[in-house]
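> Supplied in structure tokens, the structure appears directly below.
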Amino acid sequence: MYRSLINKDTVYSVQLKAFDSKNIPAISEKFTNALIYSDTSLYKMSLGIFETLEEAQGFRKTLIGSGFDKRIFVISYKDGKRLKIEEFY
């Protein structure tokens, strides 16, 4: 269901990592809300699908509080296309 949201609405996610090879971690197959997508020569991993920017920002704060790097950030999609990087909050 969440993948269909990406193709229809504006949604937000938290980008965790970028990879420069096709050695994509197996996490994408194990977690429903993990996305791996190709952007130019990089593969990028994001976690969570949210309808509002505020929800995604709250999730980012939760991830950082759980030990993730503070450089993770919120990204957005509309009609299946990647939009801009959101501001850090």
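> List the residues, sorted by chain then number, that are 5 or more residues from L83 or on another chain and whose placed amide H is less than 5 Å from its amide H.
Amide H neighbours of L83: S76, Y77, K78.
> Place the peptides 9-18, 54-63 in order of packing, highest mean first, counting for every residue the other Cβ atoms within 10 Å and averaging per peptide. Intermediate values should be presented prior to the final figure.
Working: 9-18: 19.5, 54-63: 17.0.
By packing density, highest mean first, the sequence is 9-18, 54-63.
> Amide H of F73 versus every other amide H placed in the peptide plane: which residues, excluding those fewer than 5 positions away on the same chain, fall under 5 Å?
Q15
> Whose amide H sits under 5 Å from the amide H of F68, counting only residues 5 or more places off or on another chain, with H placed in the peptide plane?
Sorted by chain and number, the residues that satisfy this come to none at all.
> I'd like the Karplus ³J(HN,Hα) series for region 52-69: coefficients 6.51, -1.76, 1.60, θ = phi - 60°, whole numbers in Hz, and an x wherever there's a Gly or Pro.
10, 4, 4, 4, 5, 5, x, 5, 4, 4, 5, 4, 4, x, 8, x, 6, 4
> Let's test the formula: R0 of 22 Å, r as the Cβ-Cβ distance of T10 and S66. What FRET efficiency results, to the nearest 0.05?
Details: r = 26 Å, r/R0 = 1.19.
For T10 and S66, the calculated efficiency is 0.25.
Read-outs: derived from the displayed coordinates by stated rules, not from any lab. These figures come from a predicted structure and were not determined experimentally. Virtual Cβ from ideal backbone geometry, glycine too; neighbours counted across all protein chains shown.
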